[in-house]
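The structure under discussion appears below in the form of structure tokens.
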Amino acid sequence: MIRKKIDEKNTLIRTKDFPSILSSQSGHKVLLGIGGNIGDVVRRFEHLFYYFKRSSLVRVIETAPIVKNPPFGYTEQGDFYNSLLLIETFLSPKVLLRYLLRVEKVFGRKRLFKDGPRTLDIDIIFYENVKMETQELTLPHPGWRERASVLIPLSMMKGIYND
């Protein structure tokens, strides 16, 4: 694992699988944001990478480096680790969301309160060029342009479409 301080608030972390680029096939291209601040989050990201590699529902195309950065919203908690995964899937946005919520539970996610500490958070940042706003899902993810946890790793990805 290699750590590099980006500025006084953010640290870049590179592991065996973050960043990486794999071959693309077909399906909808989706950018996922992953984060967490409870336990060994970097190791959990590695486990998530292999969990998705074994899944028939998603295919990982690219991962970004991991960024360690301060929390937002509720700030009385430890720093977060964040990264991005570019995936392909044949699932619709809402079905993908339900799948990702199940994956969060598999990895020990408990929703205590908004912006609270968590083992793993998986957000859909972009789902191709889909724009939607429903009670359960807004695409693209609101506020992504203001978050270092998205912008820093996004700037380091090769195969991503920037909006």
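The values are calculated or read from the model by the stated rules, or taken from the named source; none is laboratory data. Predicted model, so just to flag it, every value in this text is computed and none were measured. For neighbour counting, all protein chains shown are included, and Cβ atoms are generated from backbone atoms with ideal geometry for every residue, glycine included. What goes into the accessible areas is simple: the full protein's heavy atoms, side chains included, and nothing from ligands, DNA or RNA. Shrake-Rupley method; radii C 1.70, N 1.55, O 1.52, S 1.80 Å.
Restricting attention to segment 27-44, report how many residues are more than 19 Å from Ser56 (Cα to Cα) and in contact (Cβ under 8 Å) with a residue 60 or more places away in the chain. Quick ask: steps written out before the conclusion?
Within segment 27-44, the subset more than 19 Å from Ser56 (Cα to Cα) is 33-44.
From what's left, in contact (Cβ under 8 Å) with a residue 60 or more places away in the chain: 33-39, 41, 44.
Summing the residues that are more than 19 Å from Ser56 (Cα to Cα) and in contact (Cβ under 8 Å) with a residue 60 or more places away in the chain in segment 27-44 gives 9.
Out of segment 72-101, which residues are within 15 Å of the chain's Cα centre (by Cα) and farther than 17 Å from His141 by Cβ?
Hits for segment 72-101 are Tyr81, Glu88.
Any idea which of Ser24, Ser83, Ser20 is open to solvent by less than 20 Å² (accessible area, probe 1.4 Å), in contact (Cβ under 8 Å) with a residue 12 or more places away in the chain, among the polar types (S, T, N, Q) and within 16 Å of Met157 (Cβ to Cβ)? Can you show your working first?
On the way: Ser24 fails: open to solvent by less than 20 Å² (accessible area, probe 1.4 Å); Ser20 fails: open to solvent by less than 20 Å² (accessible area, probe 1.4 Å).
Exactly one residue qualifies, and that residue is Ser83.
Does any residue of segment 136-149 turn out to be more than 15 Å from the chain's Cα centre (by Cα), farther than 22 Å from Arg3 by Cβ and in a helix (DSSP H, G or I)?
If we filter segment 136-149 for residues that are more than 15 Å from the chain's Cα centre (by Cα), which is where we start, we get 136-138, 146.
So of that shortlist, the ones also farther than 22 Å from Arg3 by Cβ come out as 136-138, 146.
Remaining after also requiring in a helix (DSSP H, G or I): 146.
So far as segment 136-149 goes, yes, one or more of its residues are more than 15 Å from the chain's Cα centre (by Cα), farther than 22 Å from Arg3 by Cβ and in a helix (DSSP H, G or I).
Within the group Lys68, Lys114, which residue is open to solvent by 20 Å² or more (accessible area, probe 1.4 Å), closer than 26 Å to Thr11 by Cα and in a loop (DSSP other than H, G, I, E, B)?
On the way: Lys68 fails: in a loop (DSSP other than H, G, I, E, B).
Every option except Lys114 fails the conditions.
Going by the conditions given, is Leu137 open to solvent by less than 20 Å² (accessible area, probe 1.4 Å) and either more than 19 Å from Leu31 (Cα to Cα) or in contact (Cβ under 8 Å) with a residue 60 or more places away in the chain (or both)?
Here the answer is no, as Leu137 does not meet what is asked.
Report, ordered by the first and then the second residue, all pairs with beta carbons closer than 6 Å, sequence separation of six or more or different chains, a first member in segment 106-121 that is closer than 21 Å to Leu31 by Cβ and without any contact (Cβ under 8 Å) to a residue 24 or more places away in the chain, and a second member that is surrounded by 11 or more Cβ atoms within 10 Å (Cβ to Cβ) and not charged (D, E, K, R).
Taking only residues 6 or more apart or on different chains, the pairs are Arg109/Thr119; Arg109/Leu120.
Could you list, in sequence order, all residues of segment 2-17 that are open to solvent by 100 Å² or more (accessible area, probe 1.4 Å), part of a loop (DSSP other than H, G, I, E, B) and not basic (Lys, Arg)?
Glu8 - this is the single residue of segment 2-17 that is open to solvent by 100 Å² or more (accessible area, probe 1.4 Å), part of a loop (DSSP other than H, G, I, E, B) and not basic (Lys, Arg).
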